[in-house]
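Notes to accompany the following structure.
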Amino acid sequence: MEWFFTSFPMVSTIFTVLALVGLLVVYLYGPYWGVRRVPGPPTIPFLGHLPLMAKYGPGVFSILAKQYGPIFRFHMGRQPLIIVADPELCKEVGIKKFKDIPNRSIPSPIKSSPLHQKGLFFTRDSRWSAMRNTILSVYQPSHLASLVPTMQTYIDSATQNFHDEEDITFSNLSLKLATDVIGQAAFGVDFGLSKPQSSNTDSVRNLGENVEVSDFISQHIYSTTQLKMDLTGSFSIIIGLLLPTLQEPFRQILKRIPGTMDWKVDRTNRILSSKLDEIVSKRMQEKNRGSKDFLSQILSARESQQESKNVFSPDYISAVTYEHLLAGSATTAFTLSSVVYLVAGHPEVAKKLLAEIDGFGPHDLVPTAHDLQNKFPYLDQVIKEAMRFYIVSPLVARETSKEVEIGGYLLPKGTWVWLALGVLAKDPKNFPEPDKFKPERFDPNCEEEKRRHPYALIPFGIGPRSCIGQKFSLQEIKLSLIHLYRKYTFQHSPSMEKPLQLEYGIVLNFKHGVKLRVTMRT
Ligand code: HEM
């Protein structure tokens with residue numbers, strides 16, 4: 001007894017330590033417990049499978065799919081993801097069981113960015129459906145068709161100054177072009193990025209009196225590129241991957257310490273938000289704002305529909321408009337660059353494509369939206385194959401809202417289910433010789449196309465939550481390619497690295513750019 005009292009402090013310390021270790025184990029393994037029956041490689045505490053990601057890169061999901069089958073577990077730090085790598089199961093998650101899996105999980109980089117959370121991408125449940133319905137009412141085919149001349153103007157001006165035998169970094173040009181087009185379509189603002197240097201000085205600066213376009217864009221690019229999904233993001237993002245409960249407290253502290261990445265990201269996001277709020281409030285006051293751009297249309301829908309008024313408070317309007325810039329620029333630019341890069345490396349494809357484009361009519365005849373959809377079947381195949389070859393979003397996120405069965409496994413409410421579009425696109429079952437660039441595999445008369453599962457290639461996602469900008473971006477990509485190939489052909493520049501290196505941020509990107517040599521067509 002005496003012993004107990006004399007050693008009480010030591011015993012209580014041991015109990016406290018054991019209790020803390022127990023709590024830590026429960027905290028670390030809690031999310032794993034509910035999905036433990038789903039197969040997957042052994043995990044390392046805190047890091048999960050991040051070391052595998054570091055070792056194999058994004059190809060890790062194809063490697064694991066071969067080993068563990070079409071549904072398996074992958075731990076992003078402490079957070080388990082259920083990876084779905086089969087077209088039929090993707091259909092089940094994205095379409096058949098949509099009402100039980102209607103939202104996206106919010107990854108740690110987005111958690112620390114309130115600006116990115118209020119867009120359509122990350123809003124949830126009834127607010128999401130009300131927002132999506134209003135936005136869909138804006139994306140009528142007639143509205144898209146009316147954007148053709150605007151898109152064409154930017155394409156003309158961006159590509160008018162190429163010289164014969166000139167080397168260009170095409171990916172820079174395509175990002176500027178896509179940002180300009182979406183800037184005009186979303187905000188009604190000419191960012192003037194893709195204009196040839198000489199005429200750049202008079203780019204319209206109507207974002208607001210104190211707002212410089214270039215400043216806005218550089219803040220935008222900084223904010224986008226800091227959304228990293230690996231261990232190179234800000235400290236609070238890294239903590240969020242390893243110990244999510246500590247992310248917000250860390251962010252709150254670090255954002256107050258000048259010089260830290262959290263401080264820079266927070267500052268950038270606040271500047272961006274205030275600039276966007278400024279644009280929105282200015283536009284709200286305008287009586288005759290017209291209906292050409294997305295922002296004006298959303299504001300008008302808000303004024304005429306009570307439901308839209310409730311969901312679209314000014315901060316949400318800023319967020320969805322900004323989201324357009326974010327979602328519509330890097331993705332479209334990447335796709336455009338991939339097509340031109342791949343075609344440059346395949347002269348037989350270039351020849352066939354040029355013949356189709358030349359066969360459409362005189363080179364100054366601008367195709368209509370209807371022409372773009374129906375009169376360029378080979379161009380369609382080339383774009384599909386390029387999107388398969390370099391898929392912009394190799395993973396698409398979802399989260400269960402209640403307990404649901406997928407692929408024979410019962411997944412608890414709150415499980416993160418991610419669709420591995422990148423694994424599907426390189427699966428030899430649906431795409432024989434997956435590492436060959438063969439647009440003909442999408443010819444509607446070809447056996448491979450007829451046999452293929454309808455959801456084997458879904459670069460724009462699947463079901464009610466799929467990409468809202470699909471038609472918009474395809475229209476822009478086709479129009480740009482037709483215009484480019486009417487005037488020029490391209491080869492890889494001697495300074496283009498081989499093999500091509502890619503970078504994996506929130507979307508895929510070219511690490512050192514796409515460098516091409518231009519030849520003028522006579
Ligand atoms: C080549 C270009 C593009 C690609 C490859 C692409 C790809 C995607 C993908 C994979 C998703 C997720 C779908 C899912 O979860 O099932 C998505 C969603 C989305 N995209 Fe795109 N996108 C592109 C262009 C655009 C453009 C131009 C816009 C805007 C005008 C846009 C706006 C959005 C929005 C708002 C969502 C979220 C939809 C929702 O949650 O309801 N995207 N996109």
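Structural remarks
- Applying a DSSP loop filter and a limit of 14 other Cβ atoms within 10 Å to the trypsin sites (Lys or Arg not before Pro) in the range 423-521 leaves LYS429, LYS436, LYS511, ARG521.
- Counting only alpha carbon atoms, the long axis of helix 377-389 and the longest principal axis of the chain meet at about 30°.
- Given their separation in residues at 0.36 nm each and the Cα-Cα distance between them, THR153 and GLU440 gain 100.2 nm when the chain is fully extended.
- Residues whose amide H lies under 5 Å from that of ASN103, counting only those 5 or more places away or on a different chain, are GLU399; hydrogens are built 1.01 Å from N in the peptide plane.
- Taking the centroid of alpha carbons for each part, the range 117-148 and the range 262-340 are 11 Å apart.
- Inter-probe distance in nm under a simple model that places probes 7 Å from Cα toward Cβ, at ARG451 and THR368: 4.0
- Label-point separation, SER274 to LYS351 (7 Å along Cα→Cβ), nm: 6.0
- Modelled this way, with points 7 Å down the Cα-to-C-beta line, the labels at LEU500 and TYR139 are 2.5 nm from one another.
- Note on the chain: helix-only mean residue ellipticity at 222 nm, from DSSP H runs of 4+ residues weighted -39500 (n - 2.57) and normalised by residue number, equals -16000 deg cm²/dmol.
- Taking 11 Å as the cut-off, no amide N atom of the range 434-468 comes nearer than this to a point 7 Å along the Cα-to-beta-carbon line of ASP358.
- Relative contact order (%) - criterion: Cα under 8 Å, at least six apart; region: the range 425-522: 19
- Percent antiparallel among DSSP beta bridges (both partners in the chain, rounded to 5): 85
- GLN252-MET520 FRET efficiency (beta carbon distance; Förster radius 60 Å; 0.05 resolution): 0.60
- 9 Å beta-carbon shell around TYR32, net charge (K/R +1, D/E -1): +3
- R0 of 25 Å, Cβ-Cβ distance TYR56-ARG36: FRET efficiency to nearest 0.05: 0.60
- Note on LYS287 and ILE95: the extension gain reaches 65.0 nm, defined as 0.36 nm multiplied by sequence separation minus the Cα-Cα distance.
- Cα centre as origin, Lys/Arg/Asp/Glu Cβ charges: the chain dipole, Debye: 1020
- Computed over neighbours whose Cβ is under 13 Å from that of LYS375, the net charge equals -3, Lys and Arg +1, Asp and Glu -1.
- Nearest-ten-degree value, helix 148-159 long axis tilted from longest Cα axis of the chain: 90
- Averaging Cα coordinates gives a centre for the range 158-172 and one for the range 413-442; these two points are 33 Å apart.
- Folded to 0 to 90 degrees: helix 8-33 orientation relative to the chain principal axis, Cα: 30
- The chain: relative contact order in percent, alpha carbon pairs under 8 Å with at least 6 residues between: 22
- Positive minus negative residues near GLY94 (Lys, Arg vs Asp, Glu; Cβ under 14 Å): +2
- Cross-link pairs exceeding 25 Å in C-alpha to C-alpha distance, out of LYS99/LYS429; LYS118/LYS515; LYS96/LYS429; LYS176/LYS515, comprise LYS99/LYS429; LYS118/LYS515.
- The range 468-522: relative contact order as a whole-number percent, Cα under 8 Å and 6+ apart: 40
- Estimated from the Cβ-Cβ distance and a Förster radius of 56 angstrom, the FRET efficiency linking ARG127 and VAL11 is about 0.60.
Values in this text are rule-based calculations from the coordinates and carry no lab data. Just so it is clear, the model here is predicted, and its values are computed rather than measured. For neighbour counting, all protein chains shown are included, and Cβ atoms are generated from backbone atoms with ideal geometry for every residue, glycine included.
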